[in-house]
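**Q** Quick one: the structure is below, questions incoming.
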Amino acid sequence: MKNKIPVSRRAAGIEYAIRDVVITATDLEKQGNRIIKLNIGDPLAYEGFPTPAHMVQAYQKALQEQKNGYSPSYGLPELREAIALDEQEKDKSGWSCSADDVYVTTGVTEALQVLFASFLEPGDRVLIPGPYYPPYMAYPPLFDGIVTEYRLQSDRGWRIDLSDLEAKLDDSVKLIVLINPNNPTGGIVTQDDLKQVIELVSNYSNCTIISDEIYERYNFNGSHTATASLSESVPIVTLNGVSKVFYAPGWRVGYLALHDPERRLDNVRDGIERLLRSRLCASTPAQYGYLSGLIENKDWMTSYKAKLLDRRNYCVDRIMKIDSLETQTPEGSFYMFPKILDKRLASNDKQFVLDFLHQEHVLLVHGSGFSQKLGAGHFRLVFLPQISLLEEAFDRLNRFLN
């Protein structure tokens, strides 16, 4: 028998906890079990959050009119204009974004790969919040970067530990990542903390901030601040897209927008454009659907947000009644990150999640999948499902813990 061809180390080392646990759940489903899935942040997987009809119609119209060809590599001009206008008009935090600053990508995940490829040389460091969204840990090493976590404080609503961040900053740091609101914790970055982060970064001339704002309209306090609106010199790259707040994750359309007051990113911008030209374009008909969402009425968002808030409050109430769990109330996104207080169960949160799945057929994600150190002893759940389904899931969790 011939030897098996080895997989590269860079691919073998990638883990994505959110989908890795699905393998076990799928095996249980094949055995005839019904699984309550609270693991993945896909609004379309649950009742009550359909993609708005006018966006679907715009997508369909593009298909019917044969707008299926290659589009400009940086995005449809009218979509880039609409995105720029949306950034300019953000409530209390608009910034001077132009269409030329916007680059449309195949979701935020492609934007990340383009950015890491354009910024990083061997040995360059990327600071990411811990707990983190897994691609931020997985992607930089593919481009010879080194990832370092900075601490989010679980007892302060998952706010940034600014002293920890400052201690990890040096001249090797090329990028600092902010996820606001945060996945997996649901915490938000306050305007004051944003200002302090920008002030810290201003001391390092080769450092840029990546501000992932894909959940921006899920700020339940109405206090979202665009990072770019606060910076007069530090370069900011804003990430956003159609997946979450426009409820169309499968369309895979996102964008990166450059705020570069002192033109320090000119060479990086050239690299970004070269990479985008080489991969042709994002989905053309999906871009038309996204355009419709940006330029047409957004009143529907109010009712969607109200549903989410009701479901968040229900989950917080149920968790706080369980002696062996506690949680910070998430101020944004549609995730919460409860802490397991039972030391025996908390010592192996992945086993806790798997045992709960096997015994009660409810799928969560283990906290250590979002950081071996800073996420350990927690789990992530999604509060998108209807309250009746959440009630059933929590009844099973109560039974399991008792």
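The values are calculated or read from the model by the stated rules, or taken from the named source; none is laboratory data. If you're wondering where the values come from, they're calculated on a predicted model, not measured in any experiment. Every residue, glycine among them, receives a Cβ derived from its backbone with ideal geometry; neighbour counts consider all protein chains shown.
**Q** Being in contact with a helix residue (DSSP H, G or I) (Cβ under 9 Å, 6 or more places away or on another chain), without any contact (Cβ under 8 Å) to a residue 60 or more places away in the chain and either of a type in the set (Gly, Ala, Ser) or not assigned by TED's automatic domain parsing to the domain that holds Phe356 (or both) is the requirement here; does Pro72 meet it?
**A** Considered against the rule, which asks whether it is in contact with a helix residue (DSSP H, G or I) (Cβ under 9 Å, 6 or more places away or on another chain), without any contact (Cβ under 8 Å) to a residue 60 or more places away in the chain and either of a type in the set (Gly, Ala, Ser) or not assigned by TED's automatic domain parsing to the domain that holds Phe356 (or both), Pro72 comes out as no.
**Q** Is the range 330-339 home to any residue that is more than 20 Å from the chain's Cα centre (by Cα) and modelled with pLDDT of 95 or more?
**A** yes
**Q** Given the criteria surrounded by 18 or more Cβ atoms within 10 Å (Cβ to Cβ), in contact (Cβ under 8 Å) with a residue 24 or more places away in the chain and within 26 Å of the chain's Cα centre (by Cα), does Ala62 qualify? First the steps, then the outcome.
**A** Working: surrounded by 18 or more Cβ atoms within 10 Å (Cβ to Cβ): yes; in contact (Cβ under 8 Å) with a residue 24 or more places away in the chain: yes; within 26 Å of the chain's Cα centre (by Cα): no.
Judged against the criteria, Ala62 is not a match.
**Q** Hey, does the range 350-358 have a residue that's of a type in the set (Lys, Arg), surrounded by fewer than 20 Cβ atoms within 10 Å (Cβ to Cβ) and over 22 Å from Arg159 (Cα atoms)?
**A** yes
**Q** Limited to the range 352-402, what total is found for residues that are part of a loop (DSSP other than H, G, I, E, B) and within 26 Å of Ala306 (Cβ to Cβ)?
**A** Qualifying residue count, the range 352-402: 5.
**Q** Which condition does Arg380 not pass, out of (1) touching a strand residue (DSSP E or B) at 6+ places or on another chain (Cβ under 8 Å); (2) at pLDDT below 95, if it passes all the others?
**A** (2)
**Q** Continuing with the same structure: Does any residue in the range 98-111 that is in contact (Cβ under 8 Å) with a residue 12 or more places away in the chain and closer than 14 Å to Ala138 by Cα come within less than 9 Å, Cβ to Cβ, of a residue that is surrounded by fewer than 20 Cβ atoms within 10 Å (Cβ to Cβ) and charged (D, E, K, R) six or more places away or on a different chain, and which pairs are these?
**A** Thr109/Arg252; Glu110/Arg252; Glu110/Arg279
**Q** Give the range 173-204 a look and list any residue that's surrounded by fewer than 16 Cβ atoms within 10 Å (Cβ to Cβ) and part of a loop (DSSP other than H, G, I, E, B), or say none.
**A** Matches in the range 173-204: Ser202, Asn203.
**Q** Could you please let me know if Leu291 is out of contact with any Gly (no Cβ under 8 Å at 6 or more places or on another chain) and outside the structural domain of Leu44 (by TED's automatic domain parsing)?
**A** Criteria met by Leu291.
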